[in-house]
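Peer 1: Sharing a structure here in structure tokens format.
The values are calculated or read from the model by the stated rules, or taken from the named source; none is laboratory data. All of these numbers come straight from a predicted model, not from anything done at the bench. When the accessible area is computed, the model is the full protein with side chains, heavy atoms only, and any ligands, DNA or RNA have been set aside. Shrake-Rupley method; radii C 1.70, N 1.55, O 1.52, S 1.80 Å.
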Amino acid sequence: MQQLNVGRQGFRNGYYGNPFRVGPGEDTTSAVRRFALYAVEKFSDADLELLKGKQLFCPGCTSKQIKPCHADVLAWLAGHDRSEWFKLIDRAK
């Protein structure tokens, strides 16, 4: 399976990167939740089609063994219909 870097400096010049940084007042879970809400608005079906069947990774999270990661959100979105996305949004709120 092809690996694809979806980090801030990755595929398509960081297009899929998480703009929400972990820091004071923003833990990993919060940053990933915010990314999930952002992603359902930002990414088109065509954007997500490019990710299907690939192993997505984010070097920032992978190097620090951080979970969850926004790459998990992207993989989930790419593998589900938009009608299923509302379940993700409900969980993220």
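Peer 1: Taking the stretch 41-81 as the region of interest, what is the percent of Cα-Cα pairs per 10 angstrom bin, listed from the shortest bin to the one with the maximum distance?
Peer 2: Reading the bins upward from 0: 29, 50, 20, 0.
Peer 1: Right, something else. Let a ≥ b ≥ c be the square roots of the eigenvalues of the Cα gyration tensor of the stretch 21-63; is it rounded (a/c under 1.5), or, if not, prolate (a/b larger than b/c) or oblate?
Peer 2: oblate
Peer 1: Here's a follow-up. For E26, tell me the accessible area in Å² from a 1.4 Å probe, rounded to the nearest 10.
Peer 2: Looks like 20 Å² after rounding.
Peer 1: Heavy-atom accessible area per residue, the chain, 1.4 Å probe: how many Å²?
Peer 2: Per-residue accessible area for the chain comes out at 62 Å².
Peer 1: At 1.4 Å probe size, with the rest of the protein present, what percent of the exposed accessible area of the chain is carbon and sulfur atoms?
Peer 2: That share works out to 51 percent.
Peer 1: So if I restrict to the alpha-carbon atoms in the chain, what is the Rg, and what is Dmax, the biggest pairwise distance, in Å?
Peer 2: 12.4, 36
Peer 1: With each run of n ≥ 4 DSSP H residues scored as -39500 (n - 2.57), what mean residue ellipticity at 222 nm is computed for the chain after dividing by its residue count and rounding to the nearest 500 deg cm²/dmol?
Peer 2: Estimated from H runs of four or more residues: -14500 deg cm²/dmol.
Peer 1: With all protein chains present, calculate the accessible area of F20 using a 1.4 Å probe and round the result to the nearest 10 Å².
Peer 2: The accessible area of F20 comes to roughly 40 Å².
Peer 1: Under 10 Å, Cα contacts only: if you run a Gaussian network model on the chain, which one of A78, A36, A46 comes out with the highest mean-square fluctuation?
Peer 2: Comparing A78, A36, A46 in the GNM, the peak value goes to A46.
Peer 1: Further question: Could you sort S83, S30 by accessible area so the largest value comes first, with the probe set to 1.4 Å?
Peer 2: Descending order: S83, S30.
Peer 1: Cα-based count: Lys pairs in the chain below 19 Å, eight or more positions apart or different chains?
Peer 2: Within the chain, the lysine pair count is 5.
Peer 1: Which of P24, P68, P59 moves the most in a Gaussian network model of the chain with Cα springs under 10 Å?
Peer 2: Maximum fluctuation in the GNM of the chain, among the listed residues, is at P24.
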